[in-house]
């Protein structure tokens, strides 16, 4: 946090990649390998081994990784419903509940349902989760499941629209849909973004996040963002291009700003898969090259633009009182520990947890 802004990581999760939680079929096994590989190869020298990752990640370690090892102030934890890959969906509902109940001043919640199970089941589970966490601000969805392969569309007026209507009526402000990044060796079509606009048009009072925006289908993503005032680019994982492939990141950001402006881009890292700290610091120092400015016909990114991307846009979407949020975290347990220790090393809390509990390679 600086004196005049909050940094909000809009996607954070404590996965369970343990053998006991991972289904035996090839889709699950390959997705787990894909996630482990992303963690190790996109942050060389920083990440943990696959053996360390293939454990159940505690919510407390997620919180410590976010708020003691980076300059992130607040984060959004998502209930994930990849039930056809992982028995608890990859990030279980109880973890979202734990995060919000232990640290309500630090976390926001997105509940999750699986539309491939049908509308009746989705509505029942939505209401159950919102009864348990009435302060939830978002709904997280996946476009497809596996074993067998099946998918649904955001513009389905018989399945999706009644779900969105119910979520809106219960106070949900944001619908986040995983797109652009296929989940293992699966068909690409469900991960296209052409169905988001129909939902955004039908529900102008909801905001829609294209999660992993820019990973693929960039032209379609830009067209949706430019034409629909309530569609936003969520940079989960794509934000890490700033450290892994800075040239590609510069092109992505130039496209987003040229087509939709800085007010339509939302920072997230996907912590703990990718660590927030190096990404935040790269974004804070990021500047376009003169050749990029000329090529895309844009002005230089400003500190005000970065403040919007790193937290201001999300705060606006959910109606956050920023001054009140700053006050709530000023002297909490994380702030007090940071004052004692300074910024802690990336993944130091996770490594210590693994050693103390004799888990993974760290044991």
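The values are calculated or read from the model by the stated rules, or taken from the named source; none is laboratory data. Predicted model only: the values in this text are computed from it and were never measured. Ideal geometry is used to build each Cβ from the backbone, glycine not excepted, and the neighbour counts take in all protein chains shown.
Applying the condition of being surrounded by fewer than 17 Cβ atoms within 10 Å (Cβ to Cβ) and without any contact (Cβ under 8 Å) to a residue 40 or more places away in the chain to the stretch 165-186 and asking which residue is nearest to residue 313 (Cα to Cα) yields 168. There is no residue in the stretch 195-213 that is over 30 Å from residue 162 (Cβ atoms), over 20 Å from the mean Cα position of the chain (by Cα), at pLDDT 95 or above and surrounded by fewer than 22 Cβ atoms within 10 Å (Cβ to Cβ).
For (1) outside any loop (DSSP other than H, G, I, E, B); (2) more than 25 Å from residue 268 (Cα to Cα), each residue gets a yes or a no:
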{"site": "158", "(1), (2)": "no, yes"}
{"site": "164", "(1), (2)": "yes, no"}
{"site": "168", "(1), (2)": "yes, no"}
{"site": "177", "(1), (2)": "yes, no"}
{"site": "180", "(1), (2)": "no, no"}
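Is it true that some residue in the stretch 263-282 is crowded, with 20+ Cβ neighbours inside 10 Å, modelled with pLDDT of 95 or more, more than 30 Å from residue 349 (Cβ to Cβ) and under 21 Å from the mean Cα position of the chain (by Cα)? Among the residues of the stretch 263-282, at least one is crowded, with 20+ Cβ neighbours inside 10 Å, modelled with pLDDT of 95 or more, more than 30 Å from residue 349 (Cβ to Cβ) and under 21 Å from the mean Cα position of the chain (by Cα), which makes the answer yes. Are there any pairs with C-beta distances below 7 angstrom linking a residue in the stretch 77-89 that is under 11 Å from residue 144 (Cα atoms) to a residue that is in a strand (DSSP E or B), with the two at least 6 apart or on different chains, and if so which? Correct list of pairs: 81/112; 82/90; 84/145.
The residue of the stretch 333-347 that is farthest from residue 14 (Cα to Cα), among those that are exposed (fewer than 14 other Cβ atoms within 10 Å of the Cβ) and within 24 Å of the chain's Cα centre (by Cα), is 343. Which members of the stretch 34-48 meet the condition of being surrounded by 14 or more Cβ atoms within 10 Å (Cβ to Cβ) and either in contact with a strand residue (DSSP E or B) (Cβ under 6 Å, 6 or more places away or on another chain) or in a helix (DSSP H, G or I) (or both)? 34, 35, 36, 38, 39, 40, listed by residue number.
When you scan the stretch 52-62, do you find a residue that is buried (at least 23 other Cβ atoms within 10 Å of the Cβ) and within 28 Å of residue 304 (Cβ to Cβ), even just one? No; the residues of the stretch 52-62 include none that is buried (at least 23 other Cβ atoms within 10 Å of the Cβ) and within 28 Å of residue 304 (Cβ to Cβ). When residue 30 is tested against (1) surrounded by 17 or more Cβ atoms within 10 Å (Cβ to Cβ); (2) part of a helix (DSSP H, G or I); (3) touching a residue at least 24 places away in the same chain (Cβ under 8 Å), only condition (1) is not met. Kindly evaluate residue 66 against the criterion of being buried (at least 20 other Cβ atoms within 10 Å of the Cβ), in contact (Cβ under 8 Å) with a residue 40 or more places away in the chain and more than 23 Å from residue 209 (Cα to Cα). The answer is no for residue 66. Those residues that are surrounded by fewer than 18 Cβ atoms within 10 Å (Cβ to Cβ), assigned to a helix (DSSP H, G or I) and more than 23 Å from the chain's Cα centre (by Cα), I need them from the stretch 348-363; list them, please. Correct list: 352, 355, 356. With the structure loaded, tell me whether residue 109 is free of Cβ contacts under 8 Å to residues at least 60 places away in the same chain and outside any helix (DSSP H, G or I) or whether it fails that test. So residue 109 fits the description; yes.
Based on this model, can you work out whether residue 100 counts as surrounded by fewer than 21 Cβ atoms within 10 Å (Cβ to Cβ) and either at pLDDT below 95 or not in a loop (DSSP other than H, G, I, E, B) (or both)?
When the stated conditions are applied, residue 100 passes them.
Which numbered condition trips up residue 125, out of (1) in a loop (DSSP other than H, G, I, E, B); (2) surrounded by fewer than 23 Cβ atoms within 10 Å (Cβ to Cβ)? Among (1) in a loop (DSSP other than H, G, I, E, B); (2) surrounded by fewer than 23 Cβ atoms within 10 Å (Cβ to Cβ), residue 125 violates only (1). From the list 308, 343, the one residue that fits, being part of a helix (DSSP H, G or I) and touching a residue at least 12 places away in the same chain (Cβ under 8 Å), is 308.
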